[in-house]
1. Quick one: if the Förster radius is 51 Å, what FRET efficiency do L358 and A69 give, using the C-beta to C-beta distance and rounding to 0.05?
2. Quick one: angle between helix 198-212 and the longest Cα principal axis of the chain, in degrees between 0 and 90, rounded to 10, please.
3. Order of W91, W82 from fewest to most other C-beta atoms within 10 Å?
4. Taking the simple approach of a point 7 Å from Cα along Cα-to-Cβ for both D55 and A349, what is their distance in nm?
5. For the pair A98 and E367, how long in nm is the line joining their label points, each one 7 Å along Cα→Cβ?
6. Check the straight Cα-Cα distances from K80 and name the aspartates and glutamates below 19 Å, setting aside those fewer than 8 residues away within the same chain.
7. Calculate one ³J(HN,Hα) per residue across segment 225-240 by plugging θ = phi - 60° into the Karplus curve 6.51 cos²θ - 1.76 cosθ + 1.60, and present them in order as whole Hz with x for glycine and proline.
8. Angle between the Cα long axis of helix 293-305 and the longest principal axis of the chain, 0 to 90 degrees, nearest 10?
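Taken together, the values in this text are just the output of simple stated rules run on the coordinates, not laboratory data. Because the structure is predicted, anything quoted here is derived from the model rather than measured. We place every Cβ from the backbone using ideal geometry, glycine too, and count neighbours over all the protein chains shown.
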Amino acid sequence: MAVVAVELAGRSYEVLVGEDLLDSAAVHARRFIEPYGKRKVPVVADREARHHHGDRLAHSLATSGHEIAWFIVEPGEASKSWVGLQSLVDWLLDQGIARSDHVFALGGGVVGDLAGFACAILKRGCGFVQLPTTLLAQVDSSVGGKTAINTALGKNLVGAFHQPSLVLADLSTLSTLPARELRAGYAEILKYGILGDSVFFEWLEERGDAVLALEPEALEHAVTVSVSAKARIVAEDERETIGARALLNLGHTFGHALEAATGFSDRLLHGEAVALGMVLAARYSARMGFIAHGDAERITGLVDAAGLPAEIAALNLGCDGQSLVGYMLHDKKMDAGTLPFILLHEIGAAYLDRNVKLDDVSAFLDEQLKVH
Ligand code: GLY
């Protein structure tokens with residue numbers, strides 16, 4: 001098991017990464033469970049996560065004499081809604097949650113974001129523990145305190161920064177994840193290599209297959225390196241005000257346009273859009289002369305080798321560069337009329353560029369839409 005510290009003044013916490021952590025959750029999270037005494041411990045769980053992993057968590061809590069009160073969340077982004085938030089908050093109030101209590105969130109990003117936001121506003125902020133069961137949640141969304149719901153105008157438009165008190169990333173939960181979702185989460189692992197760690201990038205070129213095959217040693221290394229990178233960035237720039245945390249948006253501006261063009265549907269999962277978005281950011285960086293074309297193709301090769309989409313033309317979007325740029329203008333990353341792009345100086349060295357010409361991006365995308 002690896003332990004990664006997220007260092008934040010007065011709100012530091014640990015991320016534990018390892019096999020079978022849910023089976024010993026009562027030990028790792030003892031100080032957050034004990035205060036419940038004879039009350040039931042509230043666990044907000046994705047329906048699938050409850051089905052696959054709920055019993056292990058329940059057995060562990062039973063060893064310390066605790067029972068669980070379950071709040072089940074249906075899988076999918078639609079659960080991150082005002083209505084979903086209201087029913088969760090009402091349920092937590094009904095459970096008699098005090099500000100000093102901790103709510104447990106078992107599932108992927110949807111559950112973590114929803115439960116985290118409910119805890120941010122409940123009694124002006126109660127505690128929570130993240131039990132992420134998807135690769136994407138383990139390496140990204142469960143760490144760093146971004147919580148949110150969606151509204152009719154877009155994803156994650158209403159939320160709060162609210163850090164968890166503990167994250168247990170149980171790697172054994174990943175064996176029940178559909179292969180496509182596993183690959184989508186793996187895209188976020190690639191992201192850490194591309195944006196800030198060329199040694200990790202090279203390691204992924206060698207050992208990426210082993211990570212996707214869930215070989216325990218490789219998987220623990222990849223998740224731990226990713227979480228450590230995220231922890232460093234969050235400690236430096238918790239609220240994304242000085243540019244460091246914005247680097248985590250590598251591939252997300254292009255990716256957002258692709259998700260919008262495919263109706264935020266199952267046609268393109270978020271991680272898949274990020275993977276293709278990173279290819280486009282790399283190729284655009286090469287077009288601008290910032291990195292070698294060969295490096296952009298190394299990134300493309302790594303994305304492709306993981307079975308992730310690497311060519312925009314293959315999506316058959318039926319739209320042009322200008323309409324994709326139009327979607328980008330509705331991105332919440334738009335700031336004071338400019339759209340910041342994360343580009344590359346080299347593999348392992350991303351930077352934030354506020355001077356990208358959108359006409360040029362549109363012409364670049366028109367070229368890419370023709371590449372087969
Ligand atoms: N997922 C990007 C961030 O946490 O900042």
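1. Working: r = 50 Å, r/R0 = 0.98.
For L358 and A69, the calculated efficiency is 0.55.
2. 60
3. The fewest-first ordering by Cβ neighbours comes to W82, W91.
4. Label at D55, label at A349, 5.4 nm between them.
5. The modelled label-to-label distance comes out at 6.3 nm.
6. Reachable aspartates and glutamates: D46, E48, D90, D113, D140, E181, E259, D266, D331.
7. Calculated HN-Hα couplings, in order: 4, 5, 5, 5, 4, 5, 4, 5, 5, 5, 5, 7, 8, 3, 9, 6 Hz.
8. The angle comes out at about 40 degrees.
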